[in-house]
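J.: Please read through the structure below; I'll follow up with questions.
Every number in this text was worked out from the coordinates using simple rules, so none of it is lab data. In this text the structure is predicted, and so the values were computed from the model without any measurement. Every residue, glycine among them, receives a Cβ derived from its backbone with ideal geometry; neighbour counts consider all protein chains shown.
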Amino acid sequence: MTILVTRPEADAAATIRRLAARGYRGVSAPGLVVAPVPGWRLPANAAALVLTSRNAATCLASQPDLAGPYDIPVLCVGDRTADAAREAGCASVRSAGGRVADLHRLVVDTCSRDGGPIVYLSGRAVSENLDETLRREGFDARRIVVYETEAAPSLPAEAVAAIGMGQIDAVLFYSPRSVEAVSGLAAKAGIADALAGIPAVTLSDRVAAAAKKAGYRHIFVARTPQESDLLTALDAAVKKTDTKRGD
């Protein structure tokens, strides 16, 4: 079974390793590229950092004021983001388990409204304005943009060939923007119809809605926005597809 992985390149490599452990072959087809934003700085009195993506955590490693391990609390949306924060040198890291709503609750339960700024490190485009929600609740919450994403110039030749020859059994989508970007690049390569016929396995209902809008006809949704549940949904999608093929 061959699975198309639409994450940015660095994240795709880790996903392809996890797919291999489950017996799948992964093919990278990043729809978006990630570019760090230079020159950002944390407030000197920051009380905690809030992260909703691995990309934001990775940007911590390039922050010159935070070289080496440091003790400021770092609250992360999920386990993969938490792992990336630890790899970046963070010593006090907690995971909310995978949902922004749970991360919001973790901030409310663990942070003081008068203990200093709660700094939300994010990409330029966000699906939820967590900082605005926290400010309405009395926190000194500030958002700092540390990276931005843009559409890749094209899909890799290997991915285009595999899609065109019907060799892809499912495609993994992690965000609405990646659905839009990959679909646009597929149209540019002349393989849009072939791609839309492949089962799409999505991280959330919002991603599924974007896939439906883009014309994907067979959509499966992870139970929670965790990659482990996305891969479980992939197993179900592959099993269902195999059953239909055998009929």
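J.: Using a Gaussian network model of the chain whose springs link C-alpha atoms within less than 10 Å, name the residue from 79, 229, 71 with the highest mean-square fluctuation.
T.: In this elastic network of the chain, the residue with the biggest mean-square fluctuation among 79, 229, 71 is 71.
J.: Taking a cut-off of 12 Å between Cα atoms, list the aspartates and glutamates near residue 240, but don't count ones fewer than 8 places away on the same chain.
T.: Counting by Cα, and skipping residues close in sequence, residue 240 has these aspartates and glutamates nearby: 169.
J.: Rounded, prolate or oblate for the range 147-215? Axes are the square roots of the Cα gyration tensor eigenvalues, ordered a ≥ b ≥ c, and the cut-off for rounded is a/c under 1.5.
T.: It is oblate, given that a/c is not under 1.5 and a/b is not larger than b/c.
J.: Per the helix-only calculation at 222 nm, which mean residue ellipticity applies to the chain, given -39500 (n - 2.57) for every DSSP H run of n ≥ 4 and division by its residues, nearest 500 deg cm²/dmol?
T.: Computed mean residue ellipticity for the chain: -12500 deg cm²/dmol.
J.: Then there is this: Set the Förster radius R0 to 25 Å, insert the Cβ-Cβ distance between residue 212 and residue 132 as r into 1/(1 + (r/R0)^6), and round the FRET efficiency to 0.05.
T.: 0.35
J.: In the range 19-178, if the dipole is taken from +1 on Lys/Arg beta carbons and -1 on Asp/Glu beta carbons about the Cα centre, which of 171, 31, 117 is farthest to the positive end?
T.: The residue sitting farthest along the positive end of the dipole is 171.
J.: By the gyration tensor of its Cα atoms, with a ≥ b ≥ c the square roots of the eigenvalues, what is the shape of the range 51-150: rounded for a/c under 1.5, prolate for a/b over b/c, or oblate?
T.: rounded
J.: Among [x] 19.0, 64; [y] 17.6, 56; [z] 18.7, 56, which is the computed Rg and Dmax of the Cα atoms in Å?
T.: [x]
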